[in-house]
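Each remark here refers to the structure printed beneath this line.
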Amino acid sequence: MTRHIMVLLHPQRDESAVAAVSVFKALLDDGVTPVVLSDEIVGIRARQAEAVDDEPILNHCVIIDPSELGEWKNACELVIVLGGDGTILRAAERFHGSGAPLMGINLGHVGFLAESEKEDLAEAVHRASQRDYSVEERLALDVSVWHEGENIFNAWALNEATIEKTSKSRMIDVVLGVDARPVSSFGCDGVILATPTGSTAYSFSAGGPIVWPEVEALILVPISAHALFSKPLVVNPTSRLGVEISQMNPEFSAVLWCDGRRALELPSGARVEATRSKSPIRLARLHTGPFTDRLVAKFRLPVSGWRGPIREA
């Protein structure tokens, strides 16, 4: 039986195209057929000198149209993602609900979602073809917007859903709720509804807590709130987070962003709700070390002077 691994990349970055050629060759050498989207191969075609037996390497890959992605979601055993966290979030949006886990190779900056760095690309691809990885499920969000009693929008997010003022607005007035009970109201620049995975992203920048990914919880973080009580909230994963936009002056407005990718302008009086998604995202893991080590490495935290116990290998 032919084995298929999807390779997703940033279509406009030369570095991703160069890495993709290396990934394709390594997978083919291990007897696995790469699958790639037709709208992501422009940069790769420019590198046809990177060929197998002087033949363009794409001739050995399965190239599909984005409209065919639904048919291939469950046909691919794994998705290798080449890029930073933004590229991985795009892959998560496309593949959530499928059985294929994502393996991120970081070509960006911090890359919290990535499993390996570009220096370890060859080893990561070989281990992928050998199925030498574990799979970790991450909690995600189902997001809905309600207005005048009607459900007007539904979305999904791995990191966070953010209600923000638009550039022309000075502030938005919101009422926060948990499990259909009001908590507080104030004016602010926005509110972040995040997952533990997203706690090291926008939520972290806004002063939210870092939550270990194995902790099951939902996080609510106000942004620049004009209030005495505006602390981040960490609630049960079965809870329902709510943010209601108060009736606003027509010249002000708010917008909902999901993972910084999908946007909806929110009408005055709208209510945004977030709950634990029925479709978690599956991440392929090569390293089983504690999240503490990942946190220290990614943020380059100073740890000299630690005199506590040494973790045994």
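The values are calculated or read from the model by the stated rules, or taken from the named source; none is laboratory data. Remember, predicted model here, so these are calculated numbers, not experimental data. Ideal geometry is used to build each Cβ from the backbone, glycine not excepted, and the neighbour counts take in all protein chains shown. Accessible surface is based on the protein model in full, side chains and every heavy atom, while ligands, DNA and RNA are left aside. Shrake-Rupley method; radii C 1.70, N 1.55, O 1.52, S 1.80 Å.
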Problem set entry | the stretch 265-313, subset part of a helix (DSSP H, G or I) and of a type in the set (Phe, Trp, Tyr), residue nearest to GLY84 (Cα to Cα) | PHE299
Exercise. Here is a list of conditions, (1) open to solvent by 70 Å² or more (accessible area, probe 1.4 Å); (2) more than 21 Å from the chain's Cα centre (by Cα), and ARG261 meets all of them except one; can you say which number that is?
Worked result: (2)
Exercise. Give me the pairs: first residue in the stretch 56-68 and under 14 Å from PHE24 (Cβ atoms), second residue open to solvent by 50 Å² or more (accessible area, probe 1.4 Å) and not in a helix (DSSP H, G or I), beta-carbon distance under 8 Å, and six or more apart or on different chains, which are they?
Worked result: PRO56/GLN48; ILE57/GLN48; ILE57/GLU50; LEU58/GLN48
Exercise. Which of the residues that make up the stretch 1-45 are more than 17 Å from GLY86 (Cβ to Cβ), touching a strand residue (DSSP E or B) at 6+ places or on another chain (Cβ under 7 Å) and either without any contact (Cβ under 8 Å) to a residue 24 or more places away in the chain or not in a strand (DSSP E or B) (or both)?
Worked result: THR2, ARG3, VAL23, PHE24, LYS25, LEU27, LEU28, VAL32, SER38, ILE41
Exercise. Looking at the stretch 20-56, which of its residues are open to solvent by less than 80 Å² (accessible area, probe 1.4 Å), modelled with pLDDT of 85 or more and more than 25 Å from GLY99 (Cβ to Cβ)?
Worked result: VAL21, SER22
Exercise. Of the residues ILE80, ILE63, which single one is open to solvent by 20 Å² or more (accessible area, probe 1.4 Å) and of a type in the set (Val, Ile, Thr)?
Worked result: ILE63
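Just one of ALA270, ALA254, ALA284 is in contact (Cβ under 8 Å) with a residue 60 or more places away in the chain, open to solvent by less than 40 Å² (accessible area, probe 1.4 Å) and not assigned by the TED database to the domain that holds ILE172; which is it?
Selected residue: ALA284, the only one of ALA270, ALA254, ALA284 that is in contact (Cβ under 8 Å) with a residue 60 or more places away in the chain, open to solvent by less than 40 Å² (accessible area, probe 1.4 Å) and not assigned by the TED database to the domain that holds ILE172.
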Exercise. Going through the stretch 154-197 one residue at a time, which ones are without any contact (Cβ under 8 Å) to a residue 60 or more places away in the chain, under 24 Å from LYS231 (Cβ atoms), among the polar types (S, T, N, Q) and open to solvent by 20 Å² or more (accessible area, probe 1.4 Å)?
Worked result: SER184
For this session: Report yes if ARG94 is assigned to a helix (DSSP H, G or I), more than 24 Å from PHE291 (Cα to Cα), basic (Lys, Arg) and in contact (Cβ under 8 Å) with a residue 24 or more places away in the chain, otherwise no.
Result: yes
For this session: Please specify each residue of the stretch 74-91 satisfying the condition of being farther than 13 Å from ILE281 by Cβ, outside any helix (DSSP H, G or I) and in contact with a strand residue (DSSP E or B) (Cβ under 9 Å, 6 or more places away or on another chain).
Result: ALA75, CYS76, GLU77, LEU78, ILE80, LEU82, GLY83, GLY84
Exercise. Of the conditions (1) outside any loop (DSSP other than H, G, I, E, B); (2) open to solvent by 80 Å² or more (accessible area, probe 1.4 Å); (3) of a type in the set (Lys, Arg), LYS231 fails just one. Which one is it?
Worked result: (1)
Exercise. Among the candidates SER134, SER129, which residue alone is under 23 Å from the mean Cα position of the chain (by Cα), under 15 Å from ALA284 (Cβ atoms) and of a type outside the set (D, E, K, R)?
Worked result: SER134
Exercise. Which of the residues that make up the stretch 125-153 are in contact with a strand residue (DSSP E or B) (Cβ under 6 Å, 6 or more places away or on another chain), surrounded by 12 or more Cβ atoms within 10 Å (Cβ to Cβ) and polar (S, T, N, Q)?
Worked result: SER144
Problem set entry | Subset of the stretch 130-189 [under 30 Å from ALA91 (Cα atoms), part of a loop (DSSP other than H, G, I, E, B) and not hydrophobic (A, V, I, L, M, F, W, C)] | GLN130, ARG131, ASP132, TYR133, ASN159, THR166, SER167, ASP189
